[in-house]
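No lab work stands behind these numbers, since they all come straight from the coordinates. Computed from a predicted structure; not experimentally measured. Cβ sites come from the backbone with ideal geometry, for glycine too, and all protein chains shown count toward neighbours.
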Amino acid sequence: MSRNCDKPGVAGFTLMEVLVVLATLGMILWMVGQLLFPMRAAAERQRLQVEARQTARSATDYLGYVVRGATDMNETAIPRNPAAILPYLWRGVTTGMGNFPACPGDGSCVQLSYNNVDQAGTGFASEGSDIITLTSARVTFPVRLNGASAWPNPFNDSSTQYWAFNVACSGTPDDTANFQMFKTLTQDPANPTQSLPLLIVDQGSGAWLTYRITNYRDGNNATTCTVLNPACIVGGVNVPCVEVNADPENANNLNPPGGVQVLANIPNLIVGSQFTALRVCNGWLEQKNGTFDPAADNNCPALAAGTVEFPDYVVKAGWSPLLPNVEDFQIAYVFNNGDTWNRPGGTLSAGQGCTDGVPSFNAAPATINQYDVRSVLGLRITIAARSSTPVQGGGKMAFRQPAAEDHDPTTAPNDTYYRYQASVITLLRNRTSGI
């Protein structure tokens, strides 16, 4: 027998076997890559699509809530909130005791709501978007306070009024907690010695004014639950009261154009509500707790030509950011005759007795204009939102910002952002049964 037959076999792989294994592994990696990278790109596109959709839906949900809050203070037995939507107010002091001047037209009119803003010319909001000012609820159940004294005439900042406020007086009465609750619902956080602008309504006629407390008279409000106030009479009965100084005729106040300066009956004061302004500024939906002020809120300058990405948020006095990546905010007004303006192809104008593309507003006309703000039954709110970044790597056609209501941004550049548009219709409950 040959000795060669006793040698052990040689271990390992031949060169050909190694090459086959490497080729197979390469094919597997190539196939995985072909699946992985398209799936990753598809997942990123899905994220961008969902991002735009969620932004638009979140914005319409919130705005619908705020608009509904403009009527949460209403009761069917008394005049409904007359200041739910505010296209104009009038600022100043008139001679005599006649009505305030009508708006628009008078030099002291202040426009509070806008249609299709000219951003370059005004700096009020993003180009072509809308602005709205309304009175919304900031607590679940705003309180109507019974006035306990006649309307002082003339008014000045030392005029005293009494309000029957007893929110913390049931069960175990707590004078301190009751007075503090009154302050919590009315105080201006920026100046705690005075109140925010409040709404005061004549229960008999529905006439109204804005109202600002100028002094809380702390030393006179130690017994707002437990001691009857001889100067505080409601329904012919002495009751405990909160005592304040206020000056509704102050030149800094905004009041209803065409409205009365003096309320004829003992009025109601609405606490737990606030004036609210809404707009879009350079990609951000913003809210202001107060009325829009053209003199102070021209702080939304147009972006430089060629700017594609929205900038980081810029802090502005009085404004709070709500949501990013919002391109457009449009308001269409639904009137009680069934008409809807400002809709595609139809903007409020002189033919409807309106100016500036917003409903007219005269608090005391002989006949209410069909397109007056008090004829508005609801709002259709439209939001156009986009993804935070454009699609990279091709595969998506370029489109511009879409048209919304009566705003068609035909000069907007094409890009590869994903966009989503959402609308919501919100009825104003204070208008569905008349006013």
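Cα gyration tensor of segment 83-139, axes a ≥ b ≥ c as square roots of the eigenvalues: rounded (a/c below 1.5), prolate (a/b > b/c) or oblate?
Note, shape of segment 83-139 comes out oblate.
When the chain is fully extended, how far beyond the present Cα-Cα distance does ALA304 get from ALA412, taking 0.36 nm per residue of separation?
Result for the pair: 37.5 nm of gain on full extension.
Need one word for segment 285-435: rounded, prolate or oblate. Basis is the Cα gyration tensor (sqrt eigenvalues a ≥ b ≥ c); a/c below 1.5 gives rounded, then a/b vs b/c decides.
prolate
Run the reach check for LYS288 against aspartates and glutamates, Cα to Cα strictly under 14 Å, same-chain hits fewer than 8 apart removed. What comes back?
Counting by Cα, and skipping residues close in sequence, LYS288 has these aspartates and glutamates nearby: ASP188, ASP297.
Among the aspartates and glutamates, select those whose C-alpha is under 15 Å from the C-alpha of LYS396, and discard any that sit fewer than 8 residues away in the same chain.
List returned: GLU44, ASP415.
For the ranges 340-352, 370-382, what's the packing order if you count other beta-carbon atoms within 10 Å of each residue, average per peptide, and put the highest first?
Descending packing order for the listed peptides: 370-382, 340-352.
What ³J(HN,Hα) values, in whole Hz, does the Karplus curve 6.51 cos²θ - 1.76 cosθ + 1.60 give for segment 350-360 when θ = phi - 60°, with x put for Gly and Pro?
Here the 3J(HN,Hα) series is 4, x, 9, x, 10, 10, 6, x, 10, x, 5 Hz.
Calculated FRET efficiency, ALA222 and LEU29, Cβ-Cβ r, R0 60 Å, to nearest 0.05?
0.15
Under a point spin-label approximation (7 Å from Cα along Cα-to-Cβ), what is the GLN370-ASN289 distance to one decimal in nm?
In this crude label model, GLN370 to ASN289 measures out at 4.1 nm.
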